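To start, the structure under review is shown below, and the notes come after it.
All of the numbers you see were taken from the coordinates with simple rules; none came from a lab. Since the structure is predicted, the reported quantities are computational estimates derived from the model, not experimental observations. So basically every Cβ, Gly included, is an ideal-geometry build from the backbone, and we count neighbours across all protein chains shown.
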2 protein chains.
Amino acid sequence: MRAGAPTAEQSTAAIVVIGNEVLSAKVVDANGPWLLRELRELGVDVRRVETVPDEVPLIVESVQRACASAAHVFTSGGIGPTHDDVTIAALAQAFNRRIVNDARSLSLLEKKFAGKLNPALRRLAEIPEGAQLEWHEQAMFPVITLEQVVILPGVPALFQAGFTQIRERFRAAPIHSRAVYLSLGESRIAEHLDAAVAAFPDVSIGSYPRFDDADHRVKVTFDGRVAAHVAAACNLFVTRLPPGGVVRED
Amino acid sequence: MRAGAPTAEQSTAAIVVIGNEVLSAKVVDANGPWLLRELRELGVDVRRVETVPDEVPLIVESVQRACASAAHVFTSGGIGPTHDDVTIAALAQAFNRRIVNDARSLSLLEKKFAGKLNPALRRLAEIPEGAQLEWHEQAMFPVITLEQVVILPGVPALFQAGFTQIRERFRAAPIHSRAVYLSLGESRIAEHLDAAVAAFPDVSIGSYPRFDDADHRVKVTFDGRVAAHVAAACNLFVTRLPPGGVVRED
């Protein structure tokens, strides 16, 4: 991917959030929404987000599905020394790898803890065989990459620090966007949306109604890799609307 | 389920969020986190949350997986008259049903629009054959139930209004919780967690470190359907810790 401009298919991603604490509503997941914004800004098309419990079989299945549906997969959570940190075990199983000790991690841990590593601390050096580790200054955990999967810790500050260190690796062609805000309800615009959808198959068109006292009733968005197609789809749609239908555009 | 107290297996749920706008970071999904809190309060154990694009094959696959993994499935979004509203079509396909017009919906729409229904408005009356509709006062959309799947609109106010009307149907035995906040790091407590995990297999135990200037370094949570087991697991863990390890409990 780093050689030459990435294609749209190489610019897809999936996110797997691992955490009973999210499913049990103890915390609201911040990593998924944050990474969605980052990936969008990078031009990466996210195909799915799954939140699964701290259970190896479910993580394995979810990671395998994510790998089948996107070029890049990011996991959040389940990294650490306790019984509920099972992401490394799940990734090893998903890719049929043994779990091995990473020599550099072990040496860093031994330095930090003056050689007194209990089994819990030793677990912090375990990786699936063949995984790549990237240590960054001040980072508490390395970024671990196994094939197309980037493994990040769940604590938001560490998750964000880890991704930020590697984010430019994923930069793709930009996704161009237009939006129009309408005074018309969805049932008045459906046929015009259909016309734009049919004419520009490479433009993703969304229609978002609201039922509050906003200045518009529907927001319509146009997204695509080819700026001229996005603009043309938007223009085709707008010119079909009755006068006064558009409140504003951006 | 309404006859007698629900068992734990009947008290599981999965959530499918349908929406390109979430995956493209145009909006942060509010419905998933809101419903997670509601279901938790009701004693329902959520097994997975998936966010998928407005694409029929992906929704079908996600709903079928959700149905296989939980007693109750909730979908958010993709309801309406425009091209990107494909949830009804996907549900019909997932359950191998025809799409039919709901007579009452059609009659309500004809009254509201003085008999002038264009194809887009007619789509609002379409349901998978055999689905149950529940209209509630002031609701703009009915709650649609097909087998174990509850279909809710994506606009947060409508999503919440729909679920709120039916929420008591899902009330299950409460999930009891305890939490302890520790001055110790995770590597110091891992073996004690293991002991509690081994002794109380019906208690879900989570360990959540933080690396900021909070009053504690790790929060440990204990959750289960049997209050005495939750308390005993927590007590077993706490009594194994060195003096001064616990900052506070709740």
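For this structure, a couple of remarks:
- Sorted from shortest to longest, the distances between the A:T164 label points of this copy and the other copies are 3.9 nm, with each point 7 Å from Cα along the line through the beta carbon.
- Residues A:I99, A:I79, arranged from fewest to most other Cβ atoms within 10 angstrom of their Cβ, appear as A:I99, A:I79.
- Computed per residue of chain B from DSSP H runs no shorter than four, each worth -39500 (n - 2.57), the mean residue ellipticity at 222 nm is -10500 deg cm²/dmol.
- A simple charge model with +1 on the Cβ of Lys and Arg, -1 on the Cβ of Asp and Glu and nothing else charged puts the dipole of chain B at about 440 debye relative to its Cα centre.
- Here r is the Cβ-Cβ distance between A:T239 and B:L106 and R0 is 22 Å; the resulting FRET efficiency, rounded to 0.05, is 0.10.
- For chain A, built as a Gaussian network whose Cα springs stay under 10 Å, the top-fluctuating residue of A:V28, A:V149, A:V44: A:V28
- Residues whose amide H falls under 5 Å from that of B:A71, counting only those 5 or more places apart or on a different chain, are B:T12, B:A13, with hydrogens built in the peptide plane.
- Candidate lysines for bridging to B:K26, where Cα separation is under 22 Å - those fewer than 8 sequence places away on the same chain excluded: A:K219
- Per-residue HN-Hα couplings for the range B:234-241 [Karplus 6.51, -1.76, 1.60; θ = phi - 60°; Hz; x = Gly/Pro]: 4, 5, 4, 4, 5, 5, 7, 6
- Between B:P209, B:P81, B:P174, the GNM of chain B built on Cα springs shorter than 10 angstrom shows B:P209 fluctuating the most.
- Across the range A:6-83, Cα pairs under 8 Å and at least six residues apart give a relative contact order of 49 percent.
- Coil-residue trypsin sites (Lys or Arg not before Pro) of the range A:89-148, DSSP, other Cβ within 10 Å capped at 13: A:R98, A:K116
- Taking only alpha carbon atoms, chain B gives an Rg to Rh ratio of 1.09, where Rh is the Kirkwood radius.
- 0 to 90° range, to nearest 10: angle between helix A:186-199 axis and chain A longest Cα axis: 80
- The same position A:A198 in the other copies lies at 6.9 nm from this copy, comparing label points 7 Å beyond Cα toward the beta-carbon, shortest first.
- Choice from B:G162, B:G130, B:G19 with maximal GNM fluctuation in chain B (Cα, 10 Å cutoff): B:G130
- A viscosity of 1.567 mPa s and a temperature of 4 °C, combined with the Kirkwood radius over C-alpha pairs in the Stokes-Einstein formula, give the protein assembly as shown a diffusion coefficient of 53 µm²/s.
- About the Cα centre, charge dipole magnitude for the range B:176-249 (Lys/Arg +1, Asp/Glu -1 at Cβ), debye: 120
- Taking the Cα centre of the range A:1-144 as reference, the dipole from Cβ charges on Lys and Arg (+1) and Asp and Glu (-1) amounts to some 300 debye.
- Counted by neighbouring Cβ atoms within 10 Å, the residues B:W135, B:W34 run from fewest to most as B:W135, B:W34.
- Debye-sum result for the range B:185-233 in log10 I(q)/I(0), which assumes one identical scatterer on each alpha carbon, at q = 0.17, 0.22 Å⁻¹: -0.52, -0.77
- Amide H partners (placed H, <5 Å) of A:V247, local residues excluded: A:Y181, A:L182, A:S183
- Neighbouring partner chain Cβ atoms per residue of A:117-126, average, 10 Å criterion: 3
- Nearest residue to the symmetry axis between A and B, taken on chain A by its Cβ, in whole Å: A:E50, 2
- Between the C-alpha center of the range B:143-168 and that of the range A:70-143 there is a gap of 41 Å.
- Per residue convex hull volume, Cα atoms of the range A:41-190, in Å³: 156
- Stokes-Einstein D in µm²/s, Kirkwood radius over Cα pairs - the range B:1-126 at 20 °C with 1.002 mPa s viscosity: 133
- Equivalent ellipsoid of the range A:112-250: semi-axes from √(5λ) of the C-alpha gyration tensor, largest first, are 50, 17, 12 Å.
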